[in-house]
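S.K.: The structure under discussion is supplied below as structure tokens; questions concerning it will follow.
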Amino acid sequence: MELVEVEILGMTITQQYGTLTTGDVLRTSPAFARHLVEHCGAAKYRCSAAPVVAPETPNDEPAAVQKLNKKR
């Protein structure tokens with residue numbers, strides 16, 4: 001299960017986690033984190049919401065693709 005870390009910005013009352021206060025760090029599902037951040041304005045993301053992906057290099061391509069590129 002993927003978890004996202006958010007920091008609570010003010011007193012927030014949730015059914016799932018109870019009462020959260022300023023500065024609390026919550027690890028929760030991406031959907032609930034988005035709800036707290038975007039819909040409620042009650043939290044901010046502590047880490048990037050989306051995983052950082054390194055740019056592709058030619059060596060990352062499967063061997064079959066590299067072979068086709070060499071023929072061109």
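S.K.: Pairs needed: first member in the range 1-18, among the acidic types (Asp, Glu); second member anywhere, assigned to a loop (DSSP other than H, G, I, E, B); C-beta distance under 7 Å; at least 6 residues apart or different chains.
M.R.: Hits for this filter: Glu5/Arg46; Glu5/Cys47; Glu7/Gly23; Glu7/Arg46.
S.K.: When only residues in the range 32-46 that are under 9 Å from Glu5 (Cα atoms) and either hydrophobic (A, V, I, L, M, F, W, C) or out of contact with any helix residue (DSSP H, G or I) (no Cβ under 7 Å at 6 or more places or on another chain) (or both) count, which is least open to solvent (accessible area, probe 1.4 Å)?
M.R.: Ala33
S.K.: Filter the range 1-31 down to residues that are closer than 14 Å to Arg46 by Cα and either in contact with a Pro (Cβ under 6 Å, 6 or more places away or on another chain) or in a helix (DSSP H, G or I) (or both) and give me whichever is most open to solvent (accessible area, probe 1.4 Å). Break it down into steps so the answer makes sense when it comes.
M.R.: Taking the range 1-31 first, the residues closer than 14 Å to Arg46 by Cα are 3-9, 22-30.
With either in contact with a Pro (Cβ under 6 Å, 6 or more places away or on another chain) or in a helix (DSSP H, G or I) (or both) added as a condition, the list becomes 4, 30.
Numbers: Val4: 14, Pro30: 56 Å².
By that ranking, first place goes to Pro30.
S.K.: While we're on this one: Looking only at the range 41-55, how many residues end up being modelled with pLDDT of 95 or more and in a loop (DSSP other than H, G, I, E, B)? Spell out how you get there, then give the answer.
M.R.: Filtering the range 41-55 down to residues modelled with pLDDT of 95 or more leaves 41-45.
So of that shortlist, the ones also in a loop (DSSP other than H, G, I, E, B) come out as 41-42.
Within the range 41-55, residues that are modelled with pLDDT of 95 or more and in a loop (DSSP other than H, G, I, E, B) number 2.
The values are calculated or read from the model by the stated rules, or taken from the named source; none is laboratory data. Every value quoted in this text rests on a predicted model; they were computed, and no experiment measured them. Glycine also receives a Cβ, built like all others from the backbone with ideal geometry; neighbour counts cover every protein chain displayed. In case anyone asks, the SASA skips ligands and DNA or RNA and just uses the protein heavy atoms, side chains included. Shrake-Rupley method; radii C 1.70, N 1.55, O 1.52, S 1.80 Å.
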